[in-house]
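The values are calculated or read from the model by the stated rules, or taken from the named source; none is laboratory data. What you see is a predicted model; the values in this text were computed from it and never measured. Note: ideal-geometry Cβ built from the backbone for every residue, glycine included; neighbour counts use all protein chains shown.
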Amino acid sequence: MMQPAHYQGLGELIPASPFRTDWIFAVTIIPVVLFIVTSATEHGNPSSLVKKVLSHRYANTLFRGSGSSRQVILVPTWLMILMSMSTFAWFFQVEYMLFPWDLRGIRLWMADFAVITGAVIVRYMVSFITGEISGNRELFREYLFNIFSYYNLLGIFLVVTNFMIPYFTVIPPLYLIASASVLIGILYILRTVRLVSIFIMGGFSLLYLILYLCALEFTPILIFIKYLSGTV
């Protein structure tokens, strides 16, 4: 006769996913709602956004045609982007057991959100101030226009990926996180190349370009990597 005790521990054989909690559902579904709202109000076209990211000429035409007055004031879009980036950073940290300052759960997510938001704000402020001081206002505005396009495309991609990581059980979270990390790296390289091309075509000093790259492209990435690894 079978002993019931043999089955008492079966529920523990499949541990609960750390990605499936009430607050994780909230931070993954809110960007989805924001994306739907912004898509309806801004009439954005994902294919046009991809073309803008991949084609410098197309992005330049859009910038010259629409100007830069609305590139940094789309609050719902920015909230979607920042929440999506923060949530993916949290998934990455949990998957690879990286807990800076021993933060976990929603406190870790809030720290990620604060660090990412602060980095984006500092980048925009420094770029704006540098453009004003150097007399290259239009050049830096074009750069910020392109930066927003890259952030926007990344945010849309992460909206989908973040929702799949905890709830799309067909593909293990590790594969989704690793694939998304590769795409983020590719987008970063494309963005850096776009930065270089914009400033070279604009006649910007090569020395200042190198200093700018080090200050606002490479150094923040190194700092963020150290943050993710818990060594800062």
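Looking at I81, I36, I24, I29, which is the one that is modelled with pLDDT of 75 or more, in a helix (DSSP H, G or I), surrounded by 12 or more Cβ atoms within 10 Å (Cβ to Cβ) and in contact with a Phe, Trp or Tyr (Cβ under 6 Å, 6 or more places away or on another chain)?
Details: I36 fails: in contact with a Phe, Trp or Tyr (Cβ under 6 Å, 6 or more places away or on another chain); I24 fails: in contact with a Phe, Trp or Tyr (Cβ under 6 Å, 6 or more places away or on another chain); I29 fails: in contact with a Phe, Trp or Tyr (Cβ under 6 Å, 6 or more places away or on another chain).
The unique qualifying residue is I81.
Need a quick list: helices (runs of 4 or more DSSP H) entirely within segment 155-232 having at least 2 residues that are modelled with pLDDT of 90 or more.
173-201
Which condition from (1) in contact with a helix residue (DSSP H, G or I) (Cβ under 6 Å, 6 or more places away or on another chain); (2) of a type in the set (A, V, I, L, M, F, W, C); (3) crowded, with 20+ Cβ neighbours inside 10 Å is the one that I156 breaks?
With respect to (1) in contact with a helix residue (DSSP H, G or I) (Cβ under 6 Å, 6 or more places away or on another chain); (2) of a type in the set (A, V, I, L, M, F, W, C); (3) crowded, with 20+ Cβ neighbours inside 10 Å, I156 is out only on (1).
Residue-wise test of (1) polar (S, T, N, Q); (2) touching a Pro at 6+ places or on another chain (Cβ under 6 Å); (3) over 17 Å from P173 (Cβ atoms).
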{"position": "M80", "(1), (2), (3)": "no, yes, yes"}
{"position": "T87", "(1), (2), (3)": "yes, no, no"}
{"position": "W90", "(1), (2), (3)": "no, no, no"}
{"position": "Y96", "(1), (2), (3)": "no, no, no"}
{"position": "L108", "(1), (2), (3)": "no, no, no"}
{"position": "F113", "(1), (2), (3)": "no, no, yes"}
{"position": "G118", "(1), (2), (3)": "no, no, yes"}
{"position": "M125", "(1), (2), (3)": "no, no, yes"}
{"position": "E138", "(1), (2), (3)": "no, no, yes"}
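State which residue is farthest from the chain's Cα centre (by Cα) when the search covers only segment 197-227 and only residues that are of a type in the set (A, V, I, L, M) and surrounded by 15 or more Cβ atoms within 10 Å (Cβ to Cβ).
L209
Report the residue count in segment 90-146 for those that are within 13 Å of Y227 (Cβ to Cβ) and hydrophobic (A, V, I, L, M, F, W, C).
Residues meeting the conditions: 13.
Under the condition of being surrounded by fewer than 15 Cβ atoms within 10 Å (Cβ to Cβ) and farther than 22 Å from G155 by Cα, which residue from segment 100-113 is modelled with the highest pLDDT?
Here the residue is R104.
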